[in-house]
Amino acid sequence: MDADGLEILARLRATGVACASLCMDRETYDAYEPFGTTLDAHGSLIPPRDPKEGLCLTDEEYAFYRALCTGALPYPRVEQERIPIAQALARL
């Protein structure tokens, strides 16, 4: 989970698709923070950035997105692949 993922979710919602996020929240981030990273897929540091305005996110999602963008959290990305499928299924 990262700012890019939340922007993708927001773009999908902006097309009219009514969808909810799954395991893209602060609670999940906190639980799996040990799997966080400060590097992108190419090994480059993920820099802080200005959060975009007007995204189709809930207030809670936007607060999490803003924290990921601005460096308010220790890691700008936590790999969702590290979340056990059983937890994701339990959230359904």
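The values are calculated or read from the model by the stated rules, or taken from the named source; none is laboratory data. All figures in this text were calculated on a predicted structure; none of them were measured in a lab. Note that we place each Cβ from the backbone using ideal geometry, even for glycine, and neighbour counts take in every protein chain shown.
Please find, within region 55-92, the residue that is surrounded by the most Cβ atoms within 10 Å (Cβ to Cβ) out of those that are under 10 Å from the mean Cα position of the chain (by Cα) and in a loop (DSSP other than H, G, I, E, B). My answer is Pro76. Reported count of residues in region 1-39, each being assigned to a loop (DSSP other than H, G, I, E, B) and within 13 Å of Val78 (Cβ to Cβ), is 5. May I ask you to list the residues in region 47-92 that are over 14 Å from Glu33 (Cα atoms), of a type in the set (A, V, I, L, M, F, W, C) and touching a helix residue (DSSP H, G or I) at 6+ places or on another chain (Cβ under 9 Å)? Scanning region 47-92 gives Leu55, Cys56, Leu57, Ala63, Cys69, Ala88. Looking at this structure, is Leu22 at pLDDT 95 or above, aliphatic (A, V, I, L, M) and out of contact with any Ser or Thr (no Cβ under 8 Å at 6 or more places or on another chain)? No, not satisfied. Within region 63-73, being within 12 Å of Gly5 (Cα to Cα) and without any contact (Cβ under 8 Å) to a residue 60 or more places away in the chain holds for one residue alone: Phe64.
Could you list all residues from region 40-56 that are farther than 16 Å from Glu79 by Cα and out of contact with any Lys or Arg (no Cβ under 8 Å at 6 or more places or on another chain)? Outline the logic, then answer.
Initial filter on region 40-56 (farther than 16 Å from Glu79 by Cα): 47-56.
Those that are farther than 16 Å from Glu79 by Cα and out of contact with any Lys or Arg (no Cβ under 8 Å at 6 or more places or on another chain): Pro47, Pro48, Arg49, Asp50, Lys52, Glu53, Gly54, Leu55.
Taken over region 40-54, the criterion of being at pLDDT 95 or above, exposed (fewer than 10 other Cβ atoms within 10 Å of the Cβ) and under 16 Å from Ile8 (Cβ atoms) is satisfied by Gly54 alone.
There is no residue in region 17-31 that is surrounded by 12 or more Cβ atoms within 10 Å (Cβ to Cβ), without any contact (Cβ under 8 Å) to a residue 24 or more places away in the chain and not hydrophobic (A, V, I, L, M, F, W, C).
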